[in-house]
Structure formats: C-alpha cells, structure tokens
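The values are calculated or read from the model by the stated rules, or taken from the named source; none is laboratory data. None of these values were measured; they are calculated from a predicted model. Counting neighbours? That spans all protein chains shown, and the Cβs are built from the backbone with ideal geometry, glycine included.
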Amino acid sequence: MNEHTNLSLAQMDQMSLFHPVTSISDLQKNGPSIYTAAEGVTITRDTGATLLDMGAGLWCVNVGYGRKELVQAGAEAMQQLSFQHFFGGASAEPTIRLADRLLGLFRDTVPGSDMARVFFGNSGSDANDTAVKLVNYYNNLRGKPAKKKIIAREGAYHGLTLASGSLTGIKSYHTAFDMPLDNVLHTSCPHYFAFGKDGESEAAYTDRLITELEDMIAYEGADTIGAFIAEPVMGTGGVFLPPEGYFEKLQDVLDRHDILLIADEVITGFGRTGNWFGSGTYGLRPDIVSLAKGLTSAYFPMSASIISTRMWEVFENASDEMGVVMHGFTYSGHPVGAAIALANLDIMERENLAGRSATLGPVLLEALRTRVGDSPFVGDIRGIGLMAAVEFTGFPQGAAPHKIVARHATVAGVLTRALPYLPVTSFSPPLSVTEAEIIEAADRYARALKAATPELEALMK
Ligand code: PMP
C-alpha cells in the first residue's frame with residue numbers, strides 16, 4: 001500500500017465509519033489506526049510498524065492470531081453447512097458437540113457445579129441479556145413475578161446493549177443513553193487497593209462489602225431480587241481480584257436469599273485466570289455462566305450461556321404449559337462458529353493453554369514489577385493468570401496518566417489497554433505468548449513510562 005492509498009483509506013474511514021466506543025472529535029483530529037495483519041502475538045499496522053498485542057484484541061484472541069487450523073475448520077464447516085438455525089428443534093452436529101463439550105468442561109473443572117444446558121448467542125452483551133431474560137423467565141414460572149431486580153457492581157463491565165449495559169457499573173457508559181434500566185442495582189466495587197480504608201484488613205474490607213450487600217437486600221426485599229451478576233475477576237473495570245473470602249461469603253448470602261448467581265466469564269472463561277474457568281479459580285457455583293471471546297478466540301462472533309440444573313428443571317416442568325420458549329437469535333448456535341469453537345478448544349487442550357496461563361502469569365507480574373514497580377506513578381501491580389494490571393496513583397481525580405503512557409507504549413511497539421474506570425492499564429496477551437515476548441513487552445512498556453514522565457509530572461501539578 002502506498003502513502004496515498006493509506007491516506008485515502010483513513011479519510012474514507014473518517015467519512016463513513018461510526019466507530020464503537022470512540023471519541024468522534026479525537027477520530028477527526030487523529031484519524032484511525034489501521035491494522036492490516038496479525039500472527040501469534042504480533043500485529044502489523046498499515047505503516048508497517050509491528051506491535052506486541054498485550055491485549056489479545058479485547059481480551060479475546062486467546063490462542064493467538066493467524067491459526068490456520070481455525071481458518072480451515074471455518075472453511076470446511078462453511079462448505080458443509082454454511083448456516084443452520086436452531087429454532088423449533090432444528091439442529092446441527094458441530095453445535096450439538098460443542099454444547100456437550102462445554103458442559104463436560106465446566107463439570108470437570110468447576111467443582112460443585114451442576115449445569116444442564118447450553119444456549120448460544122453472538123456476543124458477550126447478548127449472553128448477559130439472555131441471562132437477565134432467563135432470570136425473569138425462571139421467576140415467572142416459579143410464581144415469583146416480583147423477584148426480578150439484578151444486583152451488579154460498580155466498576156463492572158457486562159456489555160453495552162440496553163440490559164447488559166445497564167448491568168455495567170461504569171457511569172461513562174450510561175451518560176446520555178438513559179441507562180441504567182431501573183431493575184438494576186449496583187453495589188460497591190470490590191477493589192481493596194483503591195477502596196479499602198486505612199488500617200482496614202482485606203478480610204474486614206470483604207466483611208464491609210458483604211454487610212452492605214445484606215443491607216441492600218434487606219432494604220429492597222429479598223423477594224424482589226432475582227440475581228447477582230459478577231465477573232470472577234473484574235476485567236474492564238481494572239483487573240480487580242476478589243478480596244479475601246469474597247465469593248465464599250457472597251455465595252452464602254445469595255443462597256440464603258434464594259438469589260441466582262450469574263457468572264460473567266466473558267473474559268475469565270477459557271484459560272485467562274490459569275484455569276479453564278474463573279468459577280473454578282474462585283469457587284463460584286453459578287446458575288448462569290456467560291461465555292464469549294475465548295470460546296472461539298474471536299475467530300467467529302459467538303457466545304454461550306450455560307444454565308444450571310435447578311433453572312433447567314423449572315423450564316422443563318413448565319414446558320407443556322408455556323409452549324415455545326420465545327427467545328433466541330438467527331445466529332444462535334451457528335454451525336460455522338461451533339466448528340471453529342471446537343477447533344479452538346482442541347488447540348487450548350493440546351497446548352495446555354490454561355496451564356500455560358497459570359505458569360506465565362507470575363512471569364508477567366514479575367516482569368512488570370521489576371521494570372515499573374518502583375515508579376512513583378505506579379501504585380499497584382496485580383493479576384492472576386494472564387490478566388494483569390498496572391494501577392497509577394497520586395494523580396488528581398479524573399486525570400488519565402494511563403492513557404498518556406498507553407500512547408507512548410504504542411510508539412514503543414506494545415499495545416496495552418488504558419481502562420475507562422480507574423487509571424489502570426491491563427495486560428492480557430494471547431495465552432500462547434512466549435516468555436521472551438512477555439519480557440520484550442514489559443521492556444517496551446517501561447520505555448514508554450520513561451518517555452511519558454515529563455507529561456505525567458506536569459499532570460501531577
Ligand atoms: N462481559 C464482560 C466481562 C466483558 O469483558 C465484555 C466485553 N469486554 C462483555 C461482557 C461484552 O461482550 P461483547 O463486547 O462481546 O458484547
């Protein structure tokens with residue numbers, strides 16, 4: 001591509017594309033960043049520059065870019081049966097096998113789980129919308145039509161459709177969109193580093209959160225609350241690891257009040273935390289599990305919702321009376337997506353990518369701590385498996401030091417994500433990343449931090 005073609009492509013973009021989650025004025029000023037190719041962990045820009053993608057796209061390319069095996073699986077599936085819907089009992093082999101395999105994987109890796117069926121969709125957002133609708137369906141069928149409110153958490157990210165975006169607990173996603181819907185409540189964000197009080201132990205902080213939740217349930221009335229939704233590790237909020245004992249105590253409160261647990265594993269599913277599922281890492285016993293991203297490593301847009309036996313039994317028992325379950329999408333269970341997902345799971349298993357995530361997680365943390373841990377701008381470095389965060393500290397409210405560093409990081413040849421809730425940069429490389437790539441990325445990030453220092457100092461004043 002020559003310079004002129006690039007320019008006109010950028011202009012065409014600016015004049016025709018409505019980008020998601022993008023500032024219109026920034027795009028007009030700076031133009032788009034156009035990418036042309038990717039292989040493994042490395043992505044290439046139209047300028048010819050290559051970058052290490054320490055975000056795996058948007059936490060989604062778990063097996064890395066350019067996997068021919070997935071291309072082939074998709075091509076073969078398209079040749080065989082390019083589309084099949086699943087309405088009215090229609091079905092197809094790859095999707096049947098994928099549902100069976102997901103149930104088996106979840107059962108084998110999440111102790112105490114009891115899941116019965118898998119529903120397919122297209123994205124993390126619609127999986128969470130499905131979860132909300134199934135909570136309503138469940139409680140309507142049980143004769144508890146008032147039990148519908150959903151408790152989510154501040155700082156949570158669950159998507160951006162009307163329902164999932166309402167569950168999201170980051171105000172900037174709500175402003176000017178008349179969100180959240182009023183059946184959604186938000187309880188405090190569990191992030192000890194930023195929100196624990198001086199002198200408060202982590203265990204005491206957890207107890208404070210749990211008491212707040214109990215108070216919220218008592219105030220609203222347990223008979224009005226259908227479900228609690230949680231990411232096992234909060235991703236977009238800032239890679240918040242649950243504080244000590246959090247999920248154990250949470251689970252107990254939910255059990256006592258007959259409140260369902262929705263585990264949003266859109267990021268944590270498929271190896272990100274060092275196990276197949278974050279529910280396994282933290283001992284969750286969910287009734288609905290939302291999956292997307294790593295399900296196909298983003299080679300195809302596909303989501304899955306795994307449903308517990310206790311919910312399924314209610315659906316099954318009411319079936320004669322209710323008839324058709326009036327929920328689903330054209331692409332629910334798409335056989336091409338399912339074939340790609342199966343091939344993706346083959347890679348995950350063959351290369352033990354969940355185990356690799358567990359092994360390389362500490363390498364990533366150590367690489368970041370030794371290179372940027374002493375910076376006066378950095379308050380905390382944390383993570384589990386291959387999801388890690390650098391949190392900046394000491395800046396005025398609303399300042400975005402992490403965005404300045406991210407800009408320099410792009411120049412230094414590493415893509416990181418500057419997150420929208422707190423001044424946090426996340427690192428979530430493909431699980432196929434090598435140790436050498438992790439070290440190189442951390443080196444580049446350290447160079448970026450150094451280059452950003454004058455701007456960060458100015459921001460402090
Ligand atoms: N849940 C979580 C935890 C997510 O991180 C995301 C996407 N970042 C979503 C849901 C929404 O997924 P999608 O963008 O595919 O709708």
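Would you say residue 85 is crowded, with 20+ Cβ neighbours inside 10 Å and either in contact with a Cys (Cβ under 7 Å, 6 or more places away or on another chain) or modelled with pLDDT of 95 or more (or both)?
Taking the combined requirement at face value, the residue does not satisfy it.
Find all pairs meeting these conditions: Cβ atoms under 7 angstrom apart; at least six residues apart or on different chains; first residue within segment 166-187 and in a loop (DSSP other than H, G, I, E, B); second residue β-branched (Val, Ile, Thr).
183/150
Out of all the residues in segment 108-155, which are surrounded by fewer than 20 Cβ atoms within 10 Å (Cβ to Cβ) and among the aliphatic types (A, V, I, L, M)?
Within segment 108-155, 116, 141, 146 qualify.
Let me confirm something: among 309, 330, which residue is β-branched (Val, Ile, Thr), over 23 Å from residue 277 (Cα atoms), in contact (Cβ under 8 Å) with a residue 40 or more places away in the chain and surrounded by fewer than 15 Cβ atoms within 10 Å (Cβ to Cβ)?
The conditions single out 330.
Residue check, residue 127 against (1) in contact with a Ser or Thr (Cβ under 6 Å, 6 or more places away or on another chain); (2) among the hydrophobic types (A, V, I, L, M, F, W, C); (3) not in a helix (DSSP H, G or I), all met but one. Which one?
(3)
Of all residues in segment 378-400, how many are outside any strand (DSSP E or B) and buried (at least 23 other Cβ atoms within 10 Å of the Cβ)?
Result for segment 378-400: 2.
Looking at (1) within 16 Å of the ligand (Cβ to nearest atom); (2) within 30 Å of residue 352 (Cα to Cα), can you tell me which one residue 191 breaks?
In the conditions (1) within 16 Å of the ligand (Cβ to nearest atom); (2) within 30 Å of residue 352 (Cα to Cα), residue 191 misses (2) alone.
So which pairs qualify, if the first residue must be in segment 403-424 and without any contact (Cβ under 8 Å) to a residue 60 or more places away in the chain and closer than 15 Å to residue 442 by Cβ, the second must be of a type in the set (Val, Ile, Thr) and surrounded by 23 or more Cβ atoms within 10 Å (Cβ to Cβ), the Cβ gap must be under 6 Å, and the two must be at least 6 apart or on different chains?
Short answer, once both residue conditions are applied: 406/416; 409/416.
Results for (1) touching a residue at least 40 places away in the same chain (Cβ under 8 Å); (2) on the phi > 0 side of the Ramachandran plot; (3) surrounded by fewer than 24 Cβ atoms within 10 Å (Cβ to Cβ), shown as yes or no for each residue.
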{"residue": "340", "(1), (2), (3)": "yes, no, no"}
{"residue": "346", "(1), (2), (3)": "yes, no, yes"}
{"residue": "356", "(1), (2), (3)": "yes, no, yes"}
{"residue": "369", "(1), (2), (3)": "no, no, yes"}
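Only one residue in 218, 194, 204, 176 is at pLDDT 95 or above, closer than 17 Å to residue 149 by Cα and hydrophobic (A, V, I, L, M, F, W, C), so which one is that?
218
Can you work out which of the residues in segment 22-77 that are out of contact with any helix residue (DSSP H, G or I) (no Cβ under 9 Å at 6 or more places or on another chain) and at positive phi is farthest from the ligand (Cβ to nearest atom)?
The residue in question is 48.
What pairs come up if the first residue lies in segment 288-304 and is under 14 Å from residue 125 (Cα atoms) and without any contact (Cβ under 8 Å) to a residue 12 or more places away in the chain, the second is small (Gly, Ala, Ser) and surrounded by 24 or more Cβ atoms within 10 Å (Cβ to Cβ), and their beta carbons are under 8 Å apart, counting only those six or more places apart or on different chains?
If the second residue must be small (Gly, Ala, Ser) and surrounded by 24 or more Cβ atoms within 10 Å (Cβ to Cβ), no pairs are left.
Looking only at segment 215-246, count how many residues are among the small types (Gly, Ala, Ser), within 16 Å of the ligand (Cβ to nearest atom) and within 23 Å of residue 137 (Cα to Cα).
Of the residues in segment 215-246, 2 are among the small types (Gly, Ala, Ser), within 16 Å of the ligand (Cβ to nearest atom) and within 23 Å of residue 137 (Cα to Cα).
Evaluate the following for residue 130: is it β-branched (Val, Ile, Thr), touching a Gly at 6+ places or on another chain (Cβ under 9 Å) and farther than 23 Å from residue 318 by Cβ?
no
May I ask you to list the residues in segment 110-156 that are within 16 Å of the ligand (Cβ to nearest atom), touching a strand residue (DSSP E or B) at 6+ places or on another chain (Cβ under 8 Å) and among the polar types (S, T, N, Q)?
122, 123, 128, 130
Go through (1) over 15 Å from residue 244 (Cβ atoms); (2) over 21 Å from the mean Cα position of the chain (by Cα); (3) of a type in the set (Ser, Thr, Tyr) and name the single condition residue 188 misses.
Condition (2) is where residue 188 drops out.
Is it the case, given these coordinates, that residue 371 is more than 28 Å from residue 299 (Cβ to Cβ) and not aliphatic (A, V, I, L, M)?
yes
In segment 349-404, what count of residues is obtained for those that are more than 20 Å from residue 241 (Cβ to Cβ), touching a Leu at 6+ places or on another chain (Cβ under 8 Å) and aliphatic (A, V, I, L, M)?
Residues in segment 349-404 being more than 20 Å from residue 241 (Cβ to Cβ), touching a Leu at 6+ places or on another chain (Cβ under 8 Å) and aliphatic (A, V, I, L, M): 3 in total.
So, in segment 248-279, of the ones that are closer than 14 Å to residue 294 by Cβ and more than 14 Å from the ligand (Cβ to nearest atom), which residue ends up surrounded by the most Cβ atoms within 10 Å (Cβ to Cβ)?
276
Need pairs with beta-carbon distance below 6 Å; first residue modelled with pLDDT under 95 and within segment 40-64, second within 16 Å of the ligand (Cβ to nearest atom) and in a loop (DSSP other than H, G, I, E, B); sequence gap 6+ or separate chains.
none
Between residues in segment 214-228 that are in contact (Cβ under 8 Å) with a residue 24 or more places away in the chain and surrounded by 13 or more Cβ atoms within 10 Å (Cβ to Cβ) and residues that are assigned to a strand (DSSP E or B) and basic (Lys, Arg), which pairs lie under 8 Å by C-beta distance while being six or more apart or on different chains?
Going by the 8 Å Cβ cut-off, the qualifying pairs are 220/149; 224/149; 225/149; 226/149.
Please name all residue pairs, on different chains or six or more residues apart, with Cβ atoms under 7 Å, provided the first residue is in segment 116-134 and is without any contact (Cβ under 8 Å) to a residue 40 or more places away in the chain and within 15 Å of residue 163 (Cα to Cα) and the second residue is among the hydroxyl-bearing types (Ser, Thr, Tyr) and within 12 Å of the ligand (Cβ to nearest atom).
129/161; 129/164
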